[in-house]
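Asks: Pasting in a structure now, in structure tokens, and then I'll have a few things to ask.
Read-outs throughout are calculated quantities, based only on the coordinates presented, and are distinct from any laboratory measurement. Worth saying up front: this structure is predicted, and the values here are computed from it rather than measured. Note that we place each Cβ from the backbone using ideal geometry, even for glycine, and neighbour counts take in every protein chain shown.
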Amino acid sequence: MNLIDRIKTFNTPLTLVAGILLVAILTELLGIPLLTRIVTVMFVSTILVLGLQLYMGNSGILSFAHIGFMGIGAYTSVLLSMTPTAKELANSNLYPFLIPIHLPFLPSLLIGALVAAFIAAVVGFPLMRLSDAAAVITTFALLVIVNVVMVHWDRVTNGPRTLFGVDNYTNLWTAVAFCVITIFAVYLFKESRVGLRLRATRDDAYAAASIGINMVVMRWLAFVASAFVAGVGGALWAHFITSFTPYSFYLNETFVILAMLVIGGPYSVSGAVVGTLVVTTAREVLRAIENQVNILQIFPEGFFGFTEIVLAIVLIAILIYRPTGILGSQEIRWPPRLRKARSAEPNPSIDHIPGGKQNV
Amino acid sequence: MINLEFIINTLSLGSLYAMLALGLVIIYGILRLVNFAYGELIMIGGYTLYLLAGFSALPWLIVAVLAVVIAMFTSLLTELVAFRPVREKSLTAMLITSFAVSALLQNAALLIISPRARAVNLPQIFQTSVMIAGTSVPWRNILTIATCIIMLTLLTLLLRRTVLGIALRAAADNFRMTRMLGVPANTVISTAFAISGIMAGIVSIFWIARSSTVTPTLGAPPLLVAFVATVIGGMRSLTGAVVGGFVYAIIISLLGIFLPPDLLEFREAFMFAFVIIVLLFRPQGLISSKTAVERVG
């Protein structure tokens, strides 16, 4: 295979990375602090959405546990990277053996992600047998359990109170670097043997089983990889925001990340990236409107929730009119292909999801 | 410890949870939809109580009935606007839709009313107690139990004696076959959503009676309770939902007595771990229904 062919294989991730670098460079050149903040958070969100895409897009199963793993990655990495004095200040109740640990940023982040992946590996294996509603309720139960533990295990997490004093290690370019790595990783996973097999089980579980694909193992591998990515995202986020509570990793965040993926298109890597970009832009515009209205004090009780209402309506509209998201199951390529040349992948929106049309 | 007071409290909690679980299961049975927006129907019932009891001169009984009616109409509206168009797409689409509807209703309450908690004017009867066999029993507990008995009787009559009820039960057993026999799908599904909304409305009255305040996030705790209760009872059986509600109340009350205080905080985590275990080893629920056994595949 010569170099050109090699590049062609990576057309999609290279195009996406080019787009991301373009956004990052523009942000850097403009140098507006608020914009830099928004874009940095957007790249971290992209990592989280890509992690969710890795599991949901390839297996076709909705997972609510993702943000729980983000929380595990965030708390673990922060406890490793904070200085002993900061730890004592932030949480006087902390286990004594945790106080002297002080690692650089990168090892903290990796260990945080590994812990998230390890927990996913242990609790995930039995869960991968479940499909449809049972799978959704169990991952939802997992999210609730992780949240309850984070809220009440105050010797580790400082309980429901804010954990503060985290060093700000994440900046625009760290986020960009991890985002680029994640795009390649998630794309390679999708095209790998495991990814292909997993997508086969998504499109037709019985046919996949008949050619010897072990659905449970394939799903499990994706679940663990997805938790690892969520852990990385959580660690980056924590070292950017620098103070947070367990409620940062619960239903609101789940809703936003899920909306990004579904609006962009859950069945492609490009969909995850585009969805994050579109939803972040829309949210910031809506939030600006919300703030303006609050400054003008038109509503005596304040003007809250407008952003989420619009987001929810758009999400429902997308599910009704374009259930495969903005991009469908297509990947972005350069140069853009015409509509006629559709990707060989079948449209997984209707019949191909296990349990898709069974009731209707 | 385990005396008359404990028994009546647990029975009243169980009645509340049973009605809660019924409202969730009646939709799941037909559509396989776990309705995340169910908790928000309770929240809407709560806000109706707050608005009507605080700003109108209507008698309390009418206020309560209106809360139930509004919750029912909201339920029907969500079905018509959001669930009906995605129903034929996929289960995942329907689940995400219900999650979005939940966020939508929650934030609408935030926007229209207030993010802060609102005190609800409750009638005297919810705050007074009566002496039974030497123990003081709050009236609201007796009312909860009585309402549960009435609702279960009415629902049983509906399901056993009316054509609509028979159609509902048939749809829960095999929706495709029921449709082929000429039962209109929309009617059946709308009825299920209406019943679900009525249950949510009734639960909202007694839920508010316990806390006497209403917030936009009121719906989350009852939703979590309903999840656990329905899984314990088996997601598909209405009897199972009732039993699941009572079993949940008994477990949670006993844990409250026997669990050491520092573990008590993790009570919810234990309940949800239990949910995962039940789904793994007995997905048909601890109490399996007749139809579940007879189903092939």
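Asks: Would it be correct to say that B:Ala100 is part of a helix (DSSP H, G or I) and either in contact (Cβ under 8 Å) with a residue 40 or more places away in the chain or touching an Asp or Glu at 6+ places or on another chain (Cβ under 9 Å) (or both)?
Replies: Against the criterion (part of a helix (DSSP H, G or I) and either in contact (Cβ under 8 Å) with a residue 40 or more places away in the chain or touching an Asp or Glu at 6+ places or on another chain (Cβ under 9 Å) (or both)), B:Ala100 does not qualify.
Asks: Separate question: Please indicate, with yes or no, whether at least one residue in segment A:3-16 is over 22 Å from A:Ser192 (Cβ atoms) and acidic (Asp, Glu).
Replies: No, because not a single residue in segment A:3-16 is over 22 Å from A:Ser192 (Cβ atoms) and acidic (Asp, Glu).
Asks: Separate question: Just wondering, is there one or more residues in segment A:116-123 that are facing chain B (nearest Cβ under 9 Å), under 18 Å from the mean Cα position of the chain (by Cα) and closer than 20 Å to A:Ser77 by Cα?
Replies: Of the residues in segment A:116-123, the ones facing chain B (nearest Cβ under 9 Å) are A:123.
Checking which are under 18 Å from the mean Cα position of the chain (by Cα) leaves us with none.
There is no residue in segment A:116-123 that is facing chain B (nearest Cβ under 9 Å), under 18 Å from the mean Cα position of the chain (by Cα) and closer than 20 Å to A:Ser77 by Cα.
Asks: Something else: Run down A:Ala227, A:Ala259, A:Ala209, A:Ala282 and say which single residue is more than 14 Å from chain B (Cβ to nearest Cβ), under 16 Å from the mean Cα position of the chain (by Cα) and assigned to a helix (DSSP H, G or I).
Replies: A:Ala227
Asks: Still on this structure, please answer the following. Could you check segment B:107-122 and list, in sequence order, the residues that are surrounded by 13 or more Cβ atoms within 10 Å (Cβ to Cβ), in a loop (DSSP other than H, G, I, E, B) and either out of contact with any helix residue (DSSP H, G or I) (no Cβ under 6 Å at 6 or more places or on another chain) or among the hydrophobic types (A, V, I, L, M, F, W, C) (or both)?
Replies: B:Ile113, B:Ser114, B:Pro115, B:Ala117, B:Val120, B:Leu122 - these are the residues of segment B:107-122 that are surrounded by 13 or more Cβ atoms within 10 Å (Cβ to Cβ), in a loop (DSSP other than H, G, I, E, B) and either out of contact with any helix residue (DSSP H, G or I) (no Cβ under 6 Å at 6 or more places or on another chain) or among the hydrophobic types (A, V, I, L, M, F, W, C) (or both).
Asks: Looking at B:Ile205, B:Ile125, B:Ile150, which one is in contact (Cβ under 8 Å) with a residue 40 or more places away in the chain and either of a type in the set (Asp, Glu) or part of a helix (DSSP H, G or I) (or both)? Walk me through how you get there before you give the answer.
Replies: Details: B:Ile125 fails: in contact (Cβ under 8 Å) with a residue 40 or more places away in the chain; B:Ile150 fails: in contact (Cβ under 8 Å) with a residue 40 or more places away in the chain.
So the residue among B:Ile205, B:Ile125, B:Ile150 that is in contact (Cβ under 8 Å) with a residue 40 or more places away in the chain and either of a type in the set (Asp, Glu) or part of a helix (DSSP H, G or I) (or both) is B:Ile205.
Asks: Go through segment B:47-98 and count every residue that is basic (Lys, Arg) and under 24 Å from A:Thr254 (Cβ atoms). Please lay out each step first, then the result.
Replies: At the first step, the residues of segment B:47-98 found to be basic (Lys, Arg) are B:84, B:87, B:89.
Those left that are additionally under 24 Å from A:Thr254 (Cβ atoms): B:87, B:89.
Count: 2.
Asks: Read through the list (1) within 11 Å of another protein chain (Cβ to nearest Cβ); (2) in contact (Cβ under 8 Å) with a residue 60 or more places away in the chain, then give the number of the only condition that B:Pro85 fails.
Replies: In the conditions (1) within 11 Å of another protein chain (Cβ to nearest Cβ); (2) in contact (Cβ under 8 Å) with a residue 60 or more places away in the chain, B:Pro85 misses (2) alone.
Asks: Taking only segment A:74-115 into account, find how many residues are loosely packed, with under 15 Cβ neighbours inside 10 Å and not in a loop (DSSP other than H, G, I, E, B).
Replies: The total comes to 8.
Asks: Kindly indicate the residue of segment A:132-161 that is facing chain B (nearest Cβ under 9 Å) and not hydrophobic (A, V, I, L, M, F, W, C) and also farthest from the chain's Cα centre (by Cα) among those meeting that condition.
Replies: In this case the residue turns out to be A:His152.
Asks: Just to be sure before I move on: is A:Gly159 under 23 Å from A:Gly233 (Cα atoms), in a helix (DSSP H, G or I) and out of contact with any Pro (no Cβ under 7 Å at 6 or more places or on another chain) in the structure I sent? So that I can check it myself, show each step before the final result.
Replies: On the way: under 23 Å from A:Gly233 (Cα atoms): yes; in a helix (DSSP H, G or I): no; out of contact with any Pro (no Cβ under 7 Å at 6 or more places or on another chain): yes.
No: the conditions fail for A:Gly159.
Asks: So A:Val166 passes all but one of these: (1) over 19 Å from the mean Cα position of the chain (by Cα); (2) part of a helix (DSSP H, G or I). Which condition number does it fail?
Replies: (2)
Asks: I've got another one for you. Please specify each residue of segment A:163-208 satisfying the condition of being more than 18 Å from A:Glu331 (Cα to Cα) and among the acidic types (Asp, Glu).
Replies: Listed by number, the residues that qualify are A:Asp167, A:Asp204.
The rows are residues; the columns are (1) more than 13 Å from the chain's Cα centre (by Cα); (2) under 30 Å from A:Arg155 (Cβ atoms).
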site: B:Pro184; (1), (2): yes, no
site: B:Phe206; (1), (2): no, no
site: B:Pro221; (1), (2): no, yes
site: B:Val228; (1), (2): no, yes
site: B:Gly245; (1), (2): no, no
site: B:Ala249; (1), (2): yes, no
site: B:Leu259; (1), (2): yes, yes
site: B:Phe266; (1), (2): yes, yes
site: B:Ala269; (1), (2): yes, yes
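Asks: In segment B:237-257, is there at least one residue being free of Cβ contacts under 8 Å to residues at least 40 places away in the same chain and within 14 Å of chain A (Cβ to nearest Cβ)?
Replies: Scanning segment B:237-257 turns up at least one residue that is free of Cβ contacts under 8 Å to residues at least 40 places away in the same chain and within 14 Å of chain A (Cβ to nearest Cβ).
Asks: If you don't mind, another one. What are the residues in segment B:162-180 that are loosely packed, with under 15 Cβ neighbours inside 10 Å, away from chain A (no Cβ under 14 Å) and in a helix (DSSP H, G or I), if any?
Replies: Kept after step one, since they are loosely packed, with under 15 Cβ neighbours inside 10 Å, are these residues of segment B:162-180: B:162-164, B:174, B:176-177, B:180.
Retained after the next criterion (residues that are away from chain A (no Cβ under 14 Å)): B:162-164.
Listed by number, the residues that qualify are B:Val163, B:Leu164.
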